[in-house]
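Only one structure is covered here, and it is reproduced in the block below.
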Amino acid sequence: MKETLDDQSRASLVQYRLERAKEALEEADILKKESHFNAAANRLYYACFYAASALLISEGIAAQTHAGVKMMLGMHFVSKGLLANEHGKTFSRLFEIRHSGDYDDFVYCDKELIEEYQPKAQRFIEEIDELLKQ
């Protein structure tokens, strides 16, 4: 995001991204129930991505790419202990899973992977929601 946001616009964008994060979590659950595990993994990643970008936007931290969001989250929140290391690992792993699913051949996620990462993504978003309230 290259433009400078006023406080009201920034707050609106943060809220929108957090809502998208929660919607993507719901979408992942629906996709899991229909056995669309690759798509569910994608939605879990995007749920965390939206939440992470909301946190960065709230602090005026710019990231132009998915890798940039991951890097800035690590640099500004995980490395400083503001966000637990386990959440940084969850985001990084979902980043890898999503990237592999989008660009590599013969990549298949299974129900076990989704069941492992669904609660981790939920906790990631809840933790970011708490940080945003501070």
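The values are calculated or read from the model by the stated rules, or taken from the named source; none is laboratory data. Keep in mind that what you see is a predicted model, and the values were worked out from it rather than measured. Please note: Cβ atoms are built from the backbone with ideal geometry, for glycine as well, and neighbour counts cover all protein chains shown. Surface accessibility is based on the protein's heavy atoms, side chains included, excluding ligands, DNA and RNA. Shrake-Rupley method; radii C 1.70, N 1.55, O 1.52, S 1.80 Å.
Here are some pairs, 111/133; 70/133; 22/133; 70/120; 32/133; 80/111; which of them have Cα atoms lying more than 26 Å apart in this structure?
Numbers: 111/133 33 Å; 70/133 21 Å; 22/133 16 Å; 70/120 16 Å; 32/133 30 Å; 80/111 34 Å.
Where the Cα-Cα span goes over 26 Å, the pairs concerned are 111/133; 32/133; 80/111.
On a 1.4 Å probe surface of the protein chains, which of 129, 104 comes out largest in accessible area, and what is the full order? List each step's numbers first, then the result.
Values: 129 30, 104 80 Å².
Descending accessible area places them as 104, 129.
Across the stretch 39-126, the mean sequence separation of Cα contacts (distance under 8 Å, 6 or more residues apart), normalised by length, yields a relative contact order of 42 percent.
Counting every Cα pair in the stretch 1-96, what percent are over 15 Å apart?
Numbers: 2795 of 4560 pairs.
Looking at the stretch 1-96, the distances longer than 15 Å represent 61 percent of pairs.
State which helices in the chain qualify, where a helix is a whole DSSP H run, it must extend 24 Å or more along its own axis by its Cα atoms, and its mean Kyte-Doolittle hydropathy must be at least 0.0. Passing helices, by number: 37-58. Here's the picture: charge each Lys and Arg Cβ at +1 and each Asp and Glu Cβ at -1 in the chain, and of 75, 113, 128 the one pushed furthest to the positive end of that dipole is 75.
Sum up the charges of everything whose Cβ sits under 13 Å from the Cβ of residue 11, counting Lys and Arg as +1 and Asp and Glu as -1, but leave residue 11 out. Please report the intermediate quantities before stating the final value.
Numbers: positive: 10, 17, 133; negative: 6, 7, 19, 59.
In short, -1.
With a Förster radius of 30 Å applied to the beta-carbon distance between residue 134 and residue 100, the computed FRET efficiency rounds to 0.30.
Lys and Arg at +1, Asp and Glu at -1: add these up for the other residues within a Cβ distance under 13 Å of residue 93 and post the number. Walk me through the intermediate numbers first.
Values: positive: 70, 89, 98, 120; negative: 86, 96, 116.
After counting each charged neighbour, the total is +1.
Which value, in debye to the nearest 20, describes the size of the charge dipole of the chain about its Cα centre when Lys and Arg Cβ atoms bear +1, Asp and Glu Cβ atoms bear -1, and nothing else is charged? Could you put the intermediate results ahead of the total?
Values: 17 positive and 23 negative charges, 58 e Å.
Using only the charged Cβ atoms, the result is roughly 280 debye.
Given +1 at the Cβ of Lys and Arg, -1 at the Cβ of Asp and Glu and no other charges, the dipole of the stretch 70-115 around its Cα centre is 380 debye to the nearest 20.
Only Cα sites of the stretch 44-109 enter the Debye sum here, all with the same form factor; the resulting log10 I(q)/I(0) across q = 0.18, 0.20, 0.23, 0.25 1/Å is -0.63, -0.76, -0.95, -1.08, listed in q order. As a calculated quantity, the FRET efficiency between residue 19 and residue 65 at R0 = 22 Å, using C-beta atoms, amounts to about 0.45.
Where Lys and Arg each count +1 and Asp and Glu each count -1, what net charge lies around residue 118 among other residues with Cβ under 9 Å from its Cβ?
Numbers: positive: 32, 120; negative: 29, 115, 116.
Residues near residue 118 contribute -1 overall.
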